[in-house]
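A.B. asks: Below: one structure in structure tokens.
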Amino acid sequence: MEQNKIKKVALTICSAAVLIIGGLTYLNVNALFKTRNQWILKSHELAKVKNDVEEIQRLMNFYKKEKSEFQKYLFQEKDIPGFLDGLSGFAQSAGINIIDMKTSKFQEVKVPEEIEEGQSELVRRKLNKSSDELTKEEMERMLTLAAMPINIQINGPYESIVNFYRHLESFKQLISIGNIEIATANNAYPVLQCDFTLKIYSLKTLEELKENRQ
Amino acid sequence: MQKGYLGLEIGEKLLRFVYVTKQRGAPTLTRAGELEVNLNFSTPGALTQAVRMIIEKEEILPKRVFVAISRKDVLIHQQLMPKMNAAELAEVVPGEIEKLPFFYNQAFEYSYTAFMHSKEKERVLLVAVSQEFLKSVIDEIDATQRPFRDIEISPLNLKDLLTKSTTPNRCEAVLAVQELCSYFCIYKGSTYMGIYRSPIGSQQISSPVNEANQEIVLSNWIGEFERVVKAHLVENSQLPIEKLWIVADKSLSFKIGTQANKHLDIPTEIVSAENIPNLKVPETVEWNPAYVNALTPLLFSLGSKKPLFAFDHFFAKFQTQKYFMLVMVKAVIFLMALTGGLGGVNYIVKKDVALLREETKKISQDIVMLNKQNENLFAEKNAYLDVRKKLLAQAGYVQEINRTSWTHVLAAIATELPAELSLTGFKFSESGDVRINGDTFDITNIAELIRKVDQSSILEGGKFDFLREKKEQDAKLFNFGIQANLRGKKEEKHGTK
């Protein structure tokens, strides 16, 4: 009887010890699993950040290449005098007199709202921020397509005018012609007088355009 | 040798043993003997050594050991006490033992049984033994590593072994002679009617050098019991002692029996093997009446009969202490193993947790640092993506403006408009509005022009704007204006897709 009691007490003590130490072990092992999961999550996050950085660097290289590719179809500031000289030279050889050629400063190409509708509201808001809202760094970083309008007044026979336009349209660089007005020139038919606006395009930062305006 | 049961009688200097095996279901005494040993327990291990020697010498395989103690330092005492309940008796008995000059300043274990004496009183038989002695006996027998859990104090249960079922209510007596003392026990059935101790034992009886002296000693000694018997008869005149059993060493039993017959006037019988129920003693074993002491606990354990005095609790207390120690040691070993094992696991786990936390912290710092280092890169990327979208929109818009080939428009005007008209001016705005001015002599040509405009591959929506009439060399000349749109431009202007 006594021995049974002793046995029971010893078993109770041992069971309690097993429960306490087992419980502590369970808590510790549980903490280990939780910490391990956190470690795995953080490791994955680090790997993702590294991967993102590599991906962005790769994309940036691609973007730079894309930008230089895009710039081939645009005018550089230094190309403009040569282009205008070339234009005068061609006019002479094609029987066109350039009466007047007036260049303006580069201006940002404003996209009508209906075309902009395709872009997300966030991007539109960001891109159409006024220059006052942007920091200098943002202004220096923000590139935009700018157009330099050149108002040209020429005269010459109808075919020559058409050839002159064909010559302009054959340029690799992006240009646009608008506001064409052709009229007879004081009974000098077949010589016609033609006014039009030629726009040449270039990539400019908002900061450059701001300076242009000033 | 067949496995069996070893019974030991611990005397003053003699260790008697009996070895009983079961043959055809009946207990059979296969070995018996005695050994002279120093049993004062001043030399630890002497009893263990003696038991081992017996086992080895006799080539026996005891599966259980039984011990009977026959010593003068064991107190067996009878006392008349007023009747009381069990709880009161349990309280009184230890005090009564302490009053006796037996265990002075010594702890003791005890047992007692009360028998009815009269209406007011009862006869209480007390048995006590020194705790130290009992512990020594138990420890030494335990050291033989044989199962052991039965102790007997001789000659208290002898009467139950000798009482025959045919004569259960006969008044009998047992004269048990030990080495340094002897007991004269009178009983009727299961009730003790008196127990008397004499300080004369086999050693005193054997010591006289000649027969004559021995006879005098014997005579005086038996004379003591003669007085006891007379006192019994005075008290219980209706219960004469009908038989006296002699339990003594073989060398003295006959002489004792003769003297008892002579002085006590009671039929005397020396305990023989036949007197012990169910026990077989082969001829090969030399019988000694003193073996009955060692046989008593063994035969009670093998049989169904329970002894009057059970000494299990003597044994149980020490066994319990031992068991407690054993369990404690086992529990401590278990707890140490558990603490060591799981403690080790916990230590490793904690270390791992700390390491992982440190690594996680470092990774978090790396992430923050990497994000900070590449902050410009991320901003550049986002800005570039925004700019790219804007540039694509702008380029798309310019492309849209340029969709009109002016060469084509001018060529079409030259070929598709009526030859009868003199056109004086065209105006094409970027928004696609076209204004045509001209002169004609025939007004119907203007209608024709409007019709042609609508049929043209580049113009549409022709409508009349103005008409002025003027004289030109006596003829009417009509100066007119027509408005139209470049094909496709009007729809774009109105947002049609």
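A.B. asks: Pairs under 8 Å by beta carbon, first residue under 10 Å from B:Arg197 (Cβ atoms) in the range B:70-81, partner of a type in the set (Asp, Glu), six or more apart or different chains?
C.D. replies: Close Cβ pairs (under 8 Å, with a partner that is of a type in the set (Asp, Glu)) amount to B:Lys72/B:Glu12; B:Lys72/B:Glu179.
A.B. asks: Determine whether the range A:16-34 contains at least one residue that is surrounded by 12 or more Cβ atoms within 10 Å (Cβ to Cβ), assigned to a helix (DSSP H, G or I), under 40 Å from the mean Cα position of the chain (by Cα) and within 7 Å of chain B (Cβ to nearest Cβ).
C.D. replies: Scanning the range A:16-34 turns up no residue that is surrounded by 12 or more Cβ atoms within 10 Å (Cβ to Cβ), assigned to a helix (DSSP H, G or I), under 40 Å from the mean Cα position of the chain (by Cα) and within 7 Å of chain B (Cβ to nearest Cβ).
A.B. asks: Within 19 Å of B:Phe311 (Cα to Cα) and modelled with pLDDT of 90 or more: does that describe B:Gln131?
C.D. replies: No: the conditions fail for B:Gln131.
A.B. asks: Among the β-branched types (Val, Ile, Thr), under 28 Å from the mean Cα position of the chain (by Cα) and at pLDDT 90 or above: which single residue out of A:Val49, A:Val109, A:Val123 fits that description?
C.D. replies: A:Val49
A.B. asks: Kindly indicate which of B:Thr191, B:Thr144, B:Thr167 is closer than 20 Å to B:Phe311 by Cβ, at pLDDT below 90 and polar (S, T, N, Q).
C.D. replies: B:Thr191
A.B. asks: Would you check which residues across the range B:49-61 are touching a residue at least 24 places away in the same chain (Cβ under 8 Å) and under 38 Å from the mean Cα position of the chain (by Cα) and list them?
C.D. replies: Result: B:Val51, B:Arg52, B:Ile55, B:Ile60, B:Leu61.
A.B. asks: If you check B:Leu35 against the conditions, is it touching a residue at least 24 places away in the same chain (Cβ under 8 Å) and among the aliphatic types (A, V, I, L, M)?
C.D. replies: No; evaluated as a whole, the condition is false for this residue.
A.B. asks: Also, quick follow-up: How many residues does the range B:68-106 contain that are part of a loop (DSSP other than H, G, I, E, B) and within 27 Å of B:Thr296 (Cα to Cα)?
C.D. replies: Selection size over the range B:68-106: 7.
A.B. asks: Collect the residues in the range B:172-203 that are polar (S, T, N, Q), under 51 Å from the mean Cα position of the chain (by Cα) and outside any loop (DSSP other than H, G, I, E, B), keeping them in residue-number order.
C.D. replies: B:Ser182, B:Thr191
A.B. asks: Of the residues B:Glu140, B:Glu109, which single one is of a type in the set (Asp, Glu), within 28 Å of B:Leu175 (Cα to Cα) and surrounded by 12 or more Cβ atoms within 10 Å (Cβ to Cβ)?
C.D. replies: So the residue among B:Glu140, B:Glu109 that is of a type in the set (Asp, Glu), within 28 Å of B:Leu175 (Cα to Cα) and surrounded by 12 or more Cβ atoms within 10 Å (Cβ to Cβ) is B:Glu109.
A.B. asks: Residues being of a type in the set (Lys, Arg) and either surrounded by 13 or more Cβ atoms within 10 Å (Cβ to Cβ) or within 60 Å of the chain's Cα centre (by Cα) (or both): count how many of those fall in the range B:212-227.
C.D. replies: 0
One line per residue, one yes/no per condition, for (1) assigned to a strand (DSSP E or B); (2) modelled with pLDDT under 95; (3) within 39 Å of the chain's Cα centre (by Cα):
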site: B:Leu6; (1), (2), (3): yes, no, yes
site: B:Glu12; (1), (2), (3): no, yes, no
site: B:Val18; (1), (2), (3): yes, no, no
site: B:Lys22; (1), (2), (3): yes, yes, yes
site: B:Pro27; (1), (2), (3): yes, yes, no
site: B:Asn40; (1), (2), (3): no, yes, no
site: B:Pro44; (1), (2), (3): no, yes, yes
site: B:Leu47; (1), (2), (3): no, yes, yes
site: B:Lys63; (1), (2), (3): yes, yes, yes
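A.B. asks: If you don't mind, another one. Filtering the range B:314-351 down to residues that are more than 28 Å from B:Leu29 (Cα to Cα), in contact (Cβ under 8 Å) with a residue 60 or more places away in the chain and more than 9 Å from chain A (Cβ to nearest Cβ), which residue is surrounded by the most Cβ atoms within 10 Å (Cβ to Cβ)?
C.D. replies: In this case the residue turns out to be B:Phe318.
A.B. asks: So in the range B:148-181, with the set limited to residues that are of a type in the set (Ser, Thr, Tyr) and closer than 30 Å to B:Pro62 by Cα, which one is surrounded by the fewest Cβ atoms within 10 Å (Cβ to Cβ)?
C.D. replies: Only one residue tops the list, namely B:Thr163.
A.B. asks: Here are the criteria: (1) surrounded by 15 or more Cβ atoms within 10 Å (Cβ to Cβ); (2) under 20 Å from A:Glu140 (Cβ atoms). Tell me which single one B:Glu375 does not satisfy.
C.D. replies: Looking at each condition in turn, B:Glu375 falls short on (1).
A.B. asks: If a residue must be among the polar types (S, T, N, Q), in contact (Cβ under 8 Å) with a residue 40 or more places away in the chain, surrounded by fewer than 20 Cβ atoms within 10 Å (Cβ to Cβ) and under 22 Å from B:Ile186 (Cα atoms), how many such residues does the range B:260-310 contain?
C.D. replies: Counting residues in the range B:260-310 that are among the polar types (S, T, N, Q), in contact (Cβ under 8 Å) with a residue 40 or more places away in the chain, surrounded by fewer than 20 Cβ atoms within 10 Å (Cβ to Cβ) and under 22 Å from B:Ile186 (Cα atoms) gives 1.
A.B. asks: Return the total of residues in the range A:169-205 being small (Gly, Ala, Ser) and either over 34 Å from the mean Cα position of the chain (by Cα) or within 16 Å of A:Gln76 (Cβ to Cβ) (or both).
C.D. replies: Residues that pass the stated criteria total 4.
Condition check ((1) buried (at least 16 other Cβ atoms within 10 Å of the Cβ); (2) within 8 Å of chain B (Cβ to nearest Cβ)) across all residues:
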| position | (1), (2) |
| --- | --- |
| A:Ile161 | yes, yes |
| A:Phe164 | yes, no |
| A:Lys172 | no, no |
| A:Ser176 | yes, yes |
| A:Ile180 | yes, yes |
| A:Thr184 | yes, yes |
| A:Tyr189 | no, no |
| A:Leu192 | yes, no |
| A:Thr197 | yes, yes |
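This table checks each residue for (1) surrounded by 16 or more Cβ atoms within 10 Å (Cβ to Cβ); (2) of a type in the set (A, V, I, L, M); (3) more than 18 Å from B:Ile10 (Cα to Cα).
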| site | (1), (2), (3) |
| --- | --- |
| B:Val74 | yes, yes, no |
| B:Leu80 | no, yes, yes |
| B:Asn85 | no, no, yes |
| B:Glu88 | no, no, yes |
| B:Glu91 | no, no, yes |
| B:His117 | yes, no, yes |
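A.B. asks: Specify the residue that is farthest from the chain's Cα centre (by Cα); the eligible residues are those in the range B:403-436 that are of a type in the set (Ser, Thr, Tyr) and facing chain A (nearest Cβ under 9 Å).
C.D. replies: B:Ser422
A.B. asks: Does B:Leu233 meet the test of being outside any helix (DSSP H, G or I), among the aliphatic types (A, V, I, L, M), surrounded by fewer than 16 Cβ atoms within 10 Å (Cβ to Cβ) and more than 54 Å from the chain's Cα centre (by Cα)?
C.D. replies: Answer is no for this residue.
A.B. asks: Moving on. Kindly establish whether B:Val387 is in a strand (DSSP E or B), surrounded by 16 or more Cβ atoms within 10 Å (Cβ to Cβ), touching a strand residue (DSSP E or B) at 6+ places or on another chain (Cβ under 6 Å) and among the β-branched types (Val, Ile, Thr).
C.D. replies: No.
A.B. asks: Would a scan of the range B:208-224 turn up a residue that is of a type in the set (A, V, I, L, M, F, W, C), outside any loop (DSSP other than H, G, I, E, B) and under 29 Å from B:Ala310 (Cβ atoms)?
C.D. replies: Looking for residues that are of a type in the set (A, V, I, L, M, F, W, C), outside any loop (DSSP other than H, G, I, E, B) and under 29 Å from B:Ala310 (Cβ atoms), one finds none in the range B:208-224, hence no.
A.B. asks: All but one of (1) more than 7 Å from every other protein chain (Cβ to nearest Cβ); (2) crowded, with 20+ Cβ neighbours inside 10 Å hold for A:Leu203; state the number of the condition that does not hold.
C.D. replies: (2)
A.B. asks: With the structure loaded, tell me whether B:Ile54 is under 12 Å from B:Leu15 (Cβ atoms) and buried (at least 18 other Cβ atoms within 10 Å of the Cβ) or whether it fails that test.
C.D. replies: Yes, satisfied.
A.B. asks: Please tell me if B:Ile200 is in contact with a strand residue (DSSP E or B) (Cβ under 8 Å, 6 or more places away or on another chain), under 12 Å from B:Phe184 (Cα atoms) and either at pLDDT below 95 or aromatic (Phe, Trp, Tyr) (or both).
C.D. replies: yes
The values are calculated or read from the model by the stated rules, or taken from the named source; none is laboratory data. Keep in mind that this is a model prediction, so the values were computed, not measured. Every residue, glycine as well, gets a Cβ built from its backbone with ideal geometry; the counts of neighbours run over all protein chains shown.
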